[in-house]
Amino acid sequence: MKKLAIFSVLSLSLILSACGSSGESKITPVKSGKKIEDIHGVGVSSDGITYFATHEGLFSTKDTGKTWNKVGAASDDLMGFHLRSDGTMITSGHPGTNSDYPNPMGILLSKDKGLSWKEVEYTGKIDFHLLTSYHHDPKVIYGFNQMGTGQYGAGIYSSTDGGEKWVKVEPKGLPSDLHKVYSLLVLPENEKTLLAGTEEGVFISKDGGNTWDVFDDSRLITAMTLMPNGKDIIAYSISNMNQGVMISEDMGESWTSIGLNLGEDAASAISVNQKDAKQIAVSTFNTSLYETKDGGENWAQIITSGKLK
């Protein structure tokens, strides 16, 4: 697999911090030109609003960067931010200065698009850097804890009831350093089949993350999710031949590019509007944000190195 400068870029993801909120619910306009620190996740809602989780809270734009909003009052560091297929949000991370949450924040859930968050589990115990859910049943959640000791140490945590109860496994077959895992996806065939994009290639598990086998050692997938049809995978893929946003209609066996070659940068998260498959948002490790509303024919860069357009 091609060893790109991307790995030094991806190492930025290891220096991630915190986001969340227990403050008053509100939406506040933000001026263009504002600088933000880190983008830890992105989600396009079914009403066309693009949300992005940062070191200082949740932000949004509904018009491809013409206007911006801060969502919620708190400025927590939102790690592992994930917009589920039912429109609810989950996140983890660390509390900001105006937050009542313990550090780390564990699993938080929002049913009002980030205006308020509810503590679910592991508050004060775990900071999940990767969270994902099963498209066909969002109550099934997987989280990567990439560091920690003892009872709450590194491993894969899974829940089948929306996050109330969890099972931890120490994955066998993945890179021993879980910081080398950049993306995680539950495949549509069943809730226990997972793909993981790692520095050593793409791995597959068919037992809920307990054991892993190499699936594609020629490819690095830094971000991935399912298309609204619940079948096709959309991902940021890097191989010896090409790189960019790609779609697979055969569970990762082959890929078709829809553009957005980021060069030495790479996607940190990707999201698709569940009611409009042509609206796609991609955040990057260099704190940029791109969006297309025509399925990849044209991409607009609306955040550049942390600066809002």
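The values are calculated or read from the model by the stated rules, or taken from the named source; none is laboratory data. As the structure is a computational prediction, the values presented were derived from the model and not from experiment. Every residue, glycine among them, receives a Cβ derived from its backbone with ideal geometry; neighbour counts consider all protein chains shown. Heads up: the accessible areas ignore ligands, DNA and RNA and are worked out on the full protein's heavy atoms, side chains in. Shrake-Rupley method; radii C 1.70, N 1.55, O 1.52, S 1.80 Å.
A few comments on the model shown:
- Of the residues making up region 201-218, just one is more than 13 Å from Ser158 (Cβ to Cβ), without any contact (Cβ under 8 Å) to a residue 40 or more places away in the chain and either in a loop (DSSP other than H, G, I, E, B) or of a type in the set (S, T, N, Q) (or both), namely Lys206.
- Selected residue [open to solvent by 60 Å² or more (accessible area, probe 1.4 Å), under 30 Å from Thr61 (Cα atoms) and out of contact with any Phe, Trp or Tyr (no Cβ under 8 Å at 6 or more places or on another chain)] from Lys180, Lys206, Lys165, Lys111: Lys111
- Sole residue being of a type outside the set (Lys, Arg), assigned to a strand (DSSP E or B), crowded, with 23+ Cβ neighbours inside 10 Å and touching a Pro at 6+ places or on another chain (Cβ under 9 Å), chosen from Ala196, Ala235: Ala196
- Hits in region 275-293 - residues which are among the polar types (S, T, N, Q) and on the phi < 0 side of the Ramachandran plot: Gln279, Ser283, Thr284, Asn286, Ser288, Thr292
- In the set (1) modelled with pLDDT under 95; (2) in contact with a strand residue (DSSP E or B) (Cβ under 7 Å, 6 or more places away or on another chain); (3) of a type in the set (Ser, Thr, Tyr), the condition left unmet by Tyr142 is number (1).
- Where Asn286 falls short, out of the listed (1) surrounded by 16 or more Cβ atoms within 10 Å (Cβ to Cβ); (2) in contact with a Phe, Trp or Tyr (Cβ under 8 Å, 6 or more places away or on another chain); (3) not in a strand (DSSP E or B); (4) not aliphatic (A, V, I, L, M): (2)
- Picking from residues in region 219-232 that are surrounded by 18 or more Cβ atoms within 10 Å (Cβ to Cβ) and of a type in the set (S, T, N, Q), the one that is farthest from Ser158 (Cα to Cα) is Thr222.
- When Leu131 is tested against (1) open to solvent by 10 Å² or more (accessible area, probe 1.4 Å); (2) over 23 Å from Ser288 (Cα atoms); (3) in contact with a strand residue (DSSP E or B) (Cβ under 9 Å, 6 or more places away or on another chain); (4) aliphatic (A, V, I, L, M), only condition (2) is not met.
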